[in-house]
1. In square nanometres, what is one fourth of the surface area of the convex hull spanned by the alpha carbons of the protein assembly as shown?
2. Sorted from shortest, what are the nm distances separating the label point of A:K739 from equivalent points in the other copies, each placed 7 Å from Cα along Cα to C-beta?
3. Sorted from fewest to most neighbouring beta carbons within 10 Å, what does the list A:V547, A:V276, B:V230, B:V317 look like?
4. Gap in Å between the Cα centre of the range B:397-462 and the Cα centre of the range A:398-453?
5. Extent of the range A:375-415 along each principal axis, from alpha carbon coordinates, in Å, largest to smallest?
6. When the distances between all Cα atoms of the range B:467-613 are binned every 5 Å from zero, what whole-number percent does each bin get?
7. Would you mind listing how long the range A:40-181 runs along its three principal axes, going by Cα atoms, in whole Å with the largest first?
8. Dipole of the range B:1-109 (Lys/Arg Cβ +1, Asp/Glu Cβ -1, origin at the Cα centre): which of B:M65, B:Y4, B:S27 lies farthest to the positive side?
There are 2 protein chains.
Amino acid sequence: MTEYTVLGKRLPRVDAQDKATGRAMYSGDISLPNMLYGKVLRSPYAHAKIRKLDVSKAKALKGVMAVITAEDVPEQKEKSSPKSPRLAREKVLYAGQPIAAVAAINLDIAVEAVSLIEVDYEELPPVMDAFEAMKPDAVLIFPDVYTNLQVLGQTGKTAAPSNITWQVEIGSGDIEAGFKGAYVVLENIFHTQAVHQGYLEPRSALAAVDPRRKVTIWTDSHGAFGVRDVCADFLNIPISHIKVMPVEVGGSFGAKQFHPLAPIAALLALKTGRPVKIVMTREEDFVATSPAPASIITLKMGVDKEGNITAAAVSVVCDIGAFNRQVGDSLGSTIQELSLYRIPNLSIKVFNVITNKAPTGPYRAPNAADAAFAVESQMDLLARALQMDPIDFRLKNAVAEGDRVITNPPFSRIGFTEALLKMKDYLNRRDKPEGKNRGTGIACGLWPAFGGACSAQVNVTPDGSVTLLIGSLDLTGTRTSLAQIVAEEFGIAFDLVTVVTGDTDAAPYSEVSAGSKITRQMGIAVRRACQDAKDQLARQAAPLLKVEPTDFSFTHGNVQVNGMPEKSVSLSTLVRNSIGRFGSGPITGRGSVGVHPTAPIFVVQMADVEVDKETGKVKILSYAAAQDVGFAINPSLIEGQIQGAVAQGIGRTLMEEYVFQNGIMQNPNLLDYRIPTAADLPFIDTMLIEVGSGIEPFGARAVGEPPMIPTLAAVANAIHSATGVRLKELPMTPEAVLKTIQAE
Amino acid sequence: MTEYTVLGKRLPRVDAQDKATGRAMYSGDISLPNMLYGKVLRSPYAHAKIRKLDVSKAKALKGVMAVITAEDVPEQKEKSSPKSPRLAREKVLYAGQPIAAVAAINLDIAVEAVSLIEVDYEELPPVMDAFEAMKPDAVLIFPDVYTNLQVLGQTGKTAAPSNITWQVEIGSGDIEAGFKGAYVVLENIFHTQAVHQGYLEPRSALAAVDPRRKVTIWTDSHGAFGVRDVCADFLNIPISHIKVMPVEVGGSFGAKQFHPLAPIAALLALKTGRPVKIVMTREEDFVATSPAPASIITLKMGVDKEGNITAAAVSVVCDIGAFNRQVGDSLGSTIQELSLYRIPNLSIKVFNVITNKAPTGPYRAPNAADAAFAVESQMDLLARALQMDPIDFRLKNAVAEGDRVITNPPFSRIGFTEALLKMKDYLNRRDKPEGKNRGTGIACGLWPAFGGACSAQVNVTPDGSVTLLIGSLDLTGTRTSLAQIVAEEFGIAFDLVTVVTGDTDAAPYSEVSAGSKITRQMGIAVRRACQDAKDQLARQAAPLLKVEPTDFSFTHGNVQVNGMPEKSVSLSTLVRNSIGRFGSGPITGRGSVGVHPTAPIFVVQMADVEVDKETGKVKILSYAAAQDVGFAINPSLIEGQIQGAVAQGIGRTLMEEYVFQNGIMQNPNLLDYRIPTAADLPFIDTMLIEVGSGIEPFGARAVGEPPMIPTLAAVANAIHSATGVRLKELPMTPEAVLKTIQAE
């Protein structure tokens, strides 16, 4: 095993002090001279025709500098980005949809102006239930949308329009034979709910325009280059006419890949020539952003007497909301979670269905927690039916290196069995939850992680420190892990590395900070940039120390001849020479990476719960999460990711949901839409397993999304263990639990 | 001659609109939340002992957050930077020297606090005249400074302390024989005056401290990395603990290489933990910055009957002010101006003398205008004595390729003769100034220009545009000329290039924007960065177009097979591919340059004047400047530089001066210290001569400093032509002209 000096260490986040002291700057914190305040008029109806839209009174109000409607949005050259807002033109399709926007000299006037916009609506029946929406006689949300069909290799469109935008069916083996050969076959329907991603910072955007009509944008996105592309598309201007500034992001968990405000703020800024800031209220943020979708998953699985899975057939109905723009992949995630196990005969059907709800967006391992809720609940039921230990049942069916599922490539080196065994050992060692109405559940998850092009630049400074310039935003501590990589590469102290997040003009391109990719993908680009600079330093050191440029190590701030600590020269000296009278110029390095291969991640989690049978309230007594992280570049940061993901999973399991009445959300605030607080959460124990992926950087695997996947099922399985009843719908509120107990 | 698409074009400055609309941000424009206001206590005496310094009353004033004196300045590891302020400890050495500084919640309180600081001074006689200061019985400013001697190859120190800090003597040939063989020998003493560099923006600095004690600085310097080094030295912290932000610079002309405020603001920010801003008043800026030095130049020259110069002996006394820290080079500049001509026998003596005036600093071609004033006035007098045409006399003696002077290398390809002939032609063609008291003068100048390490990074954007990231600040239009180089390299439109000036953390190292170096030195780094990126683009294009990566041209936004316009692929496509699924990652390029060789620049200028013999007032009727620019990357920007330099030269010639009484400046304001306005200036005609230097980039020579050099002498020669009297002292105010006329 390689000995590292800085990698693998529990170093504090470089942004910790700024965040703890309130000094970190978010887009909403920024104000510019002469700034206007924007406000968006949103539909109060889930489904309605707009008979008339009259903005004249709003425009006439003193202090109003601009009012825009769909008429003011330039025509896009190509199909407009699904990540930009759609100002309603003839119809509104969900309550919260933007219709118009105002820029005024202060927020009070902007709010008043919005209230002066006259809209004459003709209400239409809202389509709120995905099952209902699929029916041939359902109200059609779009009269001209036909189902995109991909059934067993055949592609086509339906003859009649439909609310089903996409219908796909794939399979392998012989599904009928698979079930025929089974000893136990179980079929269950699981319901997951739409949830808000639960970020703390409401959506916010500030746009300014310079005299040459170049637009500068500060917004809460985690992909500055994506904001640039979406705004350029919305405004129909070249991307080089937009600059997106780096600011801290107050949570996203996938949601902020959509940009409901930045393009509107930019258009208002272009119309007025003045900076325009728009910040959503919490209520707007609930109704007008992009929640994770609800799904209805019908899963049939069979096992033989020995506990081998013989077949699985799943049908997923995913309620994607008002537009065909979901970013998560209900098909891919369903395949993933079924890929936890060797299943010789498989059938997967997925239906994406539009309804009159806010268009949905990605949420930390999009759709995977939904699929795992079904698969891992079902696995628990099958183990019970076979009277097998749930871990042993999974161990028996667990995939291993070389196995392959449908379209996926064969698994490379993976740590699933190791994680299951680690959890088994943990369960055996710990104090079991004794007593009435207490129980334990386990569940697993699998995530492929994704790649993305990234680039990095390093500058070696005359004092031997190094600065790293990147364009990726930091959600999870990536500045810290990348600083560790730089420090390790140059053999310098961690605090001699400064990581700079540049704007989209200054920094090289980087894909959005999503898909758990930055430490891994950017990490490769960073290593290449370091190597580029190190090669130059070694070429300068070689004549000084009279050895070949390949004979060096970088350690303790020096370039040192391998095996000869007494023969060395400091980075500082080399850099000072380089910019001195006879030097060849400043030492900088660049590194880029394309969409680099990724390694799958396996997680196993367990929950101990206690259920109050009087009230239905579930208390999580303890929780543990095992994860194959490949190599832990910073164990503390990874543990934080795991603990945060489990906390979010517990929220989705026990409390969070959108409550609608006639298409209108009834609980758009943090009192009525409860997310877990510290009081709701147990200590979340973590176990990091390091089965090196064999892939750069350093064999590290993705960490941010995978621990989100199994929590729903782990808690459901624990409730079953505690009470004997099976919850198949989310959230498992006290009311729902009580109702299920009473129904048995 | 190479055909260029973007180079050589008169493109508008990229910062023109920002500057014209007032949108450009200067350090004084920036305010931060919680910011304090700093004020400096300055000595009212030119020379005094400090018997007692008591800040207790200032500290006790409500709203005062910190008071610092020399006691609070950390001890520097090495000899402190001559570019940082020196808080007086036991003595004050010039009126305006900082003694203490205050940070308070508003400026009024800061000013009051400064007035509450009690200083008990013991006045000493100020040493204000350099000739007096050289005398053995002069008052000694430092009791422990001895003269650094470098006399004809011998080095040493004087036995007794002295106000002369440096005495140097060099020569070539046989000076006595040279004068003996002369037909005419003239000796004259020329006096140049100290002048303010005349920048519009008073000195300003803002410093902030983050929770990790990292200091961020916004200041009016043109060398961000230099500010970093000077502040780190002053504060005795590593340079990586300082970040200097790029802001626009409201003129410098050399002065702002010194940092009288930034280190003080940084120390106050560290003491208080809050941002601290200090902006000088105009009066402070006159008394407490670093004017160009005054010199007394005694020049003896001989010529033979044919007009060949036989010998020159010069003695320069340079009044460098209160510290031994002058950045300009009185010796080097004197050598330069004598290097205009073949002089077989040469003797040069230089004395740097300290006085109780503000320490001097560089001013556009430091010391060269002073030397040229003497040399070119003397050349005019010699031509008159020989009854030769002043241009023919210069043509006869002008240096050419291969000539060498003392320590300098032989001249490379130069355009001096071309410039003289161009001016001769101009003088013949134009309408001569007829009438009484009118006359014409010409003068020449030579400047070597300087190199400096620089680095650049380019990013090629998915729309085929390019961004350039540099760390050098733009005083003269360098963002524009560098953007032209990038556009030419990539074969894209000028407005598809964005130039970003990064802070010292984000941008690669660059030397201070001085020495007329950025377009030339950074231009090389930029070309290398472009080539790095172009090589990658060509490697990507090669398999697509089935040719070798070396077979491409970059034109019209495409990578095109040489000679086959139909075989091409757009930059946009290549970049989109590179960040796409099968790409190798974003396309970026880096380029660095060390201290690159430079090429000398020759200038010839002429003035037509009319002198009012009643009042002594000199009116410049017309002015023309010819300059060998090598290759004009942007003729408009070069013409602007020439016109600006001549305007400054006219100011120094006719009006600007520091008036002292008992060591105190009497005219520290823009009413009493007149700099020229548009009403004082003629149209300044320009002639660009392009004798390619043979040196990268594109044979371009330095342009910013050289046109500053001959103006003083050109006007003096014109006055002589108009009136028959010779002005040998600057400035040639109406009073001085009248006095000289009356004395004849």
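1. Details: hull surface 252.6 nm².
Spelled out: convex hull of the Cα atoms, projected over all directions, averaged, 63.2 nm².
2. Those separations, rounded to one decimal, come out as 10.4 nm.
3. Fewest-to-most Cβ neighbours within 10 Å comes out as A:V547, B:V317, B:V230, A:V276.
4. Taking the Cα centre of the range B:397-462 as reference, the centre of the range A:398-453 is 77 Å away.
5. Result for the range A:375-415: principal-axis Cα extents of 32, 18, 12 Å.
6. P(r) over the range B:467-613, rounded to whole percents: 2, 9, 16, 18, 15, 12, 10, 7, 4, 2, 2, 1, 1, 1, 0, 0, 0.
7. Extents along the principal axes: 76, 32, 28 Å.
8. Towards the positive end, the residue furthest out is B:M65.
Readers should treat all values here as calculations from the given coordinates under stated rules, not as data from a laboratory. Being a predicted model, the structure only gives us computed values, none of them experimental. Note: ideal-geometry Cβ built from the backbone for every residue, glycine included; neighbour counts use all protein chains shown.
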